[in-house]
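Below is one structure; the comments refer to it alone.
The values are calculated or read from the model by the stated rules, or taken from the named source; none is laboratory data. Since we're looking at a predicted model, the values are computed, not measured. Quick reminder, even Gly has a Cβ in these numbers, built from the backbone with ideal geometry, and neighbours come from all protein chains shown.
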Amino acid sequence: MARPTQLPTRIYRGVVWLAFGIIAANLVYLQVVKQQHFKDQATDNVEVSQRVRAPRGNILDRDGIVLADNVFRSSIVLKRSCLKDGVPDSTLSRLMDWYGLDPEETVDRLAHQLDSDRPKLVLVADASMAQIALLEENLRVLPGAALDARPWRRYRHGALFAHVIGYTGEVTADEVAESRRQNADFPTFLSGFTRGREGVETIREDVLRGQDGSIILAVDANGIEVGREPRVTRTARQGQDVRLTLSAPLQEALSDAMAGRPGCAVALALPSGDVLAAVSLPTYDTNLFTRGISSEDWQSLLGDGDHPLLNRIVQATYPPGSPYKIVTSLSALENGAAVRSSRFDPCLGGYQFGNRVFHCWNRNGHGNLNHGEALVHSCDVFYYQVVQLLTLEQIRKTALALGLGARTGVPFHGEAAGIVPDGAWYDDRFGPRRWTRGVLLNNAIGQGELLVTPIQMAVLTGRIALGDANFSPHFILDDQRIRATPAPLPFREANLDWVRKTMHQVVDIGTGVKARLEAVDVAGKTGTSQNPHGEDHAWFVCFAPAKDPQVAFVVILEQGGSGGAEAAPVAARWLIDYFESVGTRMGES
Amino acid sequence: MRTRNDGASSDTILLYVLYVLFCLFSLMILWSVTEGIQGSYQQVDPVVSKSIFWRQAVWILLGWVALLMASRVPLHWLEVSAPLAYLVMIGALVLVLLTAPEVAGSRRWFALGPLRLQPSEPAKVVLILVLAKTFSRHVAHGRRLLPQTAGWLLTMIPLALVLKEPDLGTSLVFAAILLGVVFWHGLSWVILLSALSPLVSAVISFYSDRVLEGQPWPWGLYLMLVLAILFVARRGLIESFLLVLANIVGGIGTNIFWAGLKGYQQARILSFFQPEKFQHDAGYQAIQSKIAIGSGGLFGTHYLQGTQKGLAFLPERHTDFIFSVVGEELGLLGTIGLLGLFLILIMRGLSIASAARKPFNSLLAIGIVSYFTFHVVVNVSITTGLLPVTGLPLPFMSYGGSNFLVSSFLLGLLINVGSRSFEK
């Protein structure tokens, strides 16, 4: 057997020393040489950088009433590893059981989220207090589950401002990739973030968004916060508020005045061009979009034949109809085709031009009318005759000066330019020489190929009222960039003044009497534009007071019938509310 | 010649002192492990709760009883009863395979009321006794082949049973005990080399094939090294041929063996060679353990302050990976200090083994020393990333009753042998 001096003892001792030597050397290597490396890794283990979402700026009306703000809502989120190959782990299974979620549907939904690169899966988007409490009490047995509180957009008035404010929606994969390219360390957008998708939310995205921050949290191995004070590495700043030119009470009044009929109406303050109210109907609840609209809701919005998503104020074009007679009259006066007292052949309900009869809207005929009376009673036959003394180009020039045929420059996407055709346009449309001066007759009464947007008609009305060639609309109050200084219209003041007075008569004794108010003189023009697809569109454009205009107003009711009967009362209803709001005592009209 | 054991000679007093130190050290670390992190408002992991500390305190009290009993028991009683104990042990190991509930893919425990009994732990004691008895009977005759063959057979049966549970760590402990006893009994280095070199060949072949993805040059280099050693040592042609053949078989056989391993075993071994690849799976424990130890530095994060321990990044921190907690909180000072205590224990055990004049006593002592050496070296190597992860507690330190009682009992036997060094 071995003895202390014998070989086996010494070998055994040597082997033990060698093993302990290697271990000790390795310990020195780990704990001294590589100490810093492992300290950093230990810190990495414990410290988790977390993004602090900056709330979006609020959207206010012109008087500071909040239209869009944020509410903090808690989502219940899971680590991506909670769903592996379509199989829920114990955390997910437990939560589905406790919350009574349908396992099949839930797994399906989460698997869909796994396809994106979002860091967490959203199990419950807007958790109730009971759901939150259940989670927080049981965090220990729910590794991978967490609460994610973040600001959600809330539209206080739902559908009322939909087409102006728009909505926010989730960013696309492309936008996330692009923002990563721009700033890899701290991209503006990560998967699941939202940004403005329509309206002012998009137009003012940069201002509203604010600056996200980040904090460093201490967590344990399950990623659960351990209650140390978080360290702020980047301060979050809320986005700035954006103030609209619109007024919430006036918007509500306009919506009430429209009584839900499809069409739109817009009211501009004079001389500023501030849009006081703008309603496009039908509309939709923008709150649907903030949490990610369901595909059924989206499909039903898209498939709705009344096109609720369409912002009719700037995106829809209509034949202008009789309000265009303002353009024809003004053009005739300016170009010497007619004076204020001009008379033509009396109106017998129709007018023979070549081998075609052009009808007056009043089939019984207006009889013998002078220029002013023709505008007041909207006699088509008068305009068929006066327009023959004008060229297409002359009317067109007048129309363009009043803001038709070109975008008004409001920042909404998809603004239509409308059409004020010239000879080249007709050549293009019908072929050279394949059209006659007959198109002029249609042009004269705002029919034919003419197309305008409601906002253009509002600009036209405002320009007539003010004589300001640069008058244009604004939706955002702090928008100083595009406020042009006033410049006179290229028309004689006397002619403009005559048009204004005649428009007052339209409301006083003519087709627009239903817009007459007791306390305020209203100057306007009705229109019943023929609609090849159905009932006539009912137009009414006006400004008030006639002598000292403060507001321009335009309304169109799609397939609404007669402008005088249907559209003018809408204007009256809104104008009463408007003038009451600015302190004018309104009597019964 | 002393026949009575008074248990108080200078040789053995040191072992008592070491035992007290280990018990206190273990309790101190377990207290910290069950504390959670300082400044946190919540208990981090209810699995590692204070009750673990108090339970281990009870085990330590029982351990003292085991130690005192073992240090006083007449050793020839054990020698006589070893064969019977061996049969009971085999029976228990078979029974556990047949009846024990499957926990995490393996059958290791009997449930006896509130207690969980792991027969593979006392099996270590029985194996040491039976090997000591087998080898000691033939010392006088100078014959080696018979006891060695018997020893191998006696070890392989329980080893195979434990491997079937499966419990790789414990089966390796059996092998280590056998190797220690065989070596102590007397073995030429050529035989040792012959026995070990195919194993080394297997590891290198595996490394070439799996980790370097089929580059055979390290294995080729190793074979040439073996040839060179044989040439320098002037071994005979046939002997050399057989050895080289064994090496080649070992190298090729490893791939066949590999295919027979379970998935998690394969992952553990692969993760040892490439922990980064298995960061979140099998390599997680190894990486987290190294982070904890490395971040401790020279003096540690101070007692109770370890974040990796406190925040539960360290798996099995109260059992197999308790050394990592020592490393994190007490630094190099703590790890070297603890290793030093174990080194003193092993060296003292070695001198007891070589001083013992009765072959049974000496072989018993070396078996015990081999047990402690293997447990300590392999456990610490695992926690420091030198060896692949396999379940093996650190004696006296890790939480767990079975191993603590067995370690205490074995230390008691070592003290017993030490106090009878003149017994023949």
Checking B:Arg137 against (1) at pLDDT 90 or above; (2) more than 19 Å from B:Ala160 (Cα to Cα); (3) among the charged types (D, E, K, R), which single condition isn't satisfied?
(1)
Test A:Gly462 against the criterion of being on the phi > 0 side of the Ramachandran plot and either crowded, with 19+ Cβ neighbours inside 10 Å or in a helix (DSSP H, G or I) (or both), and give yes or no.
no
Going by the conditions given, is A:Gly166 on the phi > 0 side of the Ramachandran plot and in contact (Cβ under 8 Å) with a residue 12 or more places away in the chain?
yes
Of those in segment A:2-29 that are basic (Lys, Arg) and within 7 Å of chain B (Cβ to nearest Cβ), the residue farthest from the chain's Cα centre (by Cα) is A:Arg3
Is there a residue being within 10 Å of chain A (Cβ to nearest Cβ), more than 30 Å from B:Gln285 (Cβ to Cβ), crowded, with 23+ Cβ neighbours inside 10 Å and more than 13 Å from the chain's Cα centre (by Cα) anywhere in segment B:366-379?
yes
Can we say A:Val32 is free of Cβ contacts under 8 Å to residues at least 24 places away in the same chain, part of a helix (DSSP H, G or I) and within 7 Å of another protein chain (Cβ to nearest Cβ)?
yes
For segment A:484-513, give me each residue that is out of contact with any helix residue (DSSP H, G or I) (no Cβ under 8 Å at 6 or more places or on another chain) and polar (S, T, N, Q).
A:Thr485
Working carefully through the options A:Ser214, A:Ser280, A:Ser255, find the one that is farther than 29 Å from A:Leu160 by Cα, outside any loop (DSSP other than H, G, I, E, B) and either touching a residue at least 60 places away in the same chain (Cβ under 8 Å) or not assigned by TED's automatic domain parsing to the domain that holds A:Val314 (or both).
A:Ser214
When you check B:Ser402 against the structure, is it touching a strand residue (DSSP E or B) at 6+ places or on another chain (Cβ under 9 Å) and away from chain A (no Cβ under 13 Å), yes or no?
yes
If we keep only residues of segment A:345-403 that are polar (S, T, N, Q) and in contact (Cβ under 8 Å) with a residue 60 or more places away in the chain, then the residue farthest from A:Tyr324 (Cα to Cα) is A:Gln394
Taking segment B:307-352 and keeping residues more than 9 Å from chain A (Cβ to nearest Cβ) and assigned to a loop (DSSP other than H, G, I, E, B) leaves B:Glu316, B:Arg317, B:His318, B:Thr319, B:Asp320, B:Phe321
